[in-house]
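Notes follow the structure.
Bear in mind these aren't lab numbers, they're just calculated from the coordinates by the rules spelled out. These numbers come from a predicted model, not from an experiment. Using ideal geometry, Cβ is built from the backbone for each residue, glycine included, and neighbour counts are taken over all protein chains shown.
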Amino acid sequence: MLGKNIESVTAAVLYSACRQCNVPRTLYEISSASGISRKKIGKVYKHISQELGFNLAPASPIEYVPRFCSELRLYDGVKEKAVQILNIASEKGFINGHNPTSVAAAAVYIASILCNDKKTQQEIANAAHVSPANIRKNFKNLNEKLSLGIVI
């Protein structure tokens, strides 16, 4: 990879391998571990994907739920409810085009409310490495589209 430093190529290859092996890791996590910016990893990943002809679908939000619930110490019922919410949202076409980690975080937030094991938006945002504003936006959309009727 002419013109690319070895660290950014290594980080992009690691991100690509995670994607191909269905290991849900975000650019944020790879960036934190490598010390390379998300933007740089993303650019090199895009270049590698084009050069090698990778056509990987975006990660499913469902892949992130177990890790987020584990990190937040939520019980299994919350995880199951979040997966159920995401399956319904997927069937209705809501998930397409949305950031999978933000959607997963919003589903975990909704599930924690429904299962009376509530975590704050900030706690979930910290676990998912997204902003509370992203969780609120996706919460609002999921709440409306799935007619959940949750009032916070």
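Taking the square roots of 5 times each eigenvalue of the Cα gyration tensor of the range 61-145, largest first, gives ellipsoid semi-axes of 17, 14, 11 Å.
Relative to the longest principal axis of the Cα atoms of the chain, the long axis of helix 38-52 makes an angle of roughly 70 degrees. The distance separating the Cα centre of the range 37-67 from that of the range 97-152 comes to 23 Å. Projected label points at Arg38 and Val13, each 7 Å from Cα along the beta carbon direction, are separated by 2.5 nanometres.
Between Glu71 and Ile88, the modelled labels are 2.6 nm apart [label points 7 Å from Cα along Cα→Cβ].
Taking the C-alpha atoms only, the angle from helix 76-91 to the longest principal axis of the chain is near 70 degrees. Rounded to 0.05, the FRET efficiency of the Tyr28 and Ile152 pair, given R0 = 22 Å and the Cβ-Cβ distance, is 0.30. From most to least packed by mean Cβ count within 10 Å, the peptides 8-14, 111-117, 30-36 give 8-14, 111-117, 30-36.
Of the trypsin sites (Lys or Arg not before Pro) found in the range 58-92, those in coil by DSSP whose Cβ has at most 12 other Cβ atoms within 10 Å are Arg73, Lys92.
Annotation: lysines with alpha-carbon distance below 30 angstrom to Lys43 (same-chain offsets under eight excluded): Lys4, Lys137. For the range 1-108, chymotrypsin sites (Phe, Trp or Tyr not before Pro) are listed when DSSP marks them as loop and at most 14 other Cβ atoms sit within 10 Å of their Cβ; the list is Phe54, Tyr75. Among His98, His129, the order by Cβ neighbours within 10 angstrom, fewest to most, reads His129, His98. Within the straight-line cut-off of under 16 Å between alpha carbons, the lysines reachable from Lys92 are Lys140, Lys145, sequence neighbours fewer than 8 places apart in one chain being disregarded. Considering only Leu72, Ser49, Cys115, and ranking their Cα positions along the charge dipole of the chain that arises from unit charges at the beta-carbon of Lys, Arg, Asp and Glu, the one farthest toward the positive end is Ser49.
When the helices of the chain are scored as -39500 (n - 2.57) per DSSP H run of n ≥ 4 and the total is divided over every residue, the value at 222 nm lands at -20000 deg cm²/dmol.
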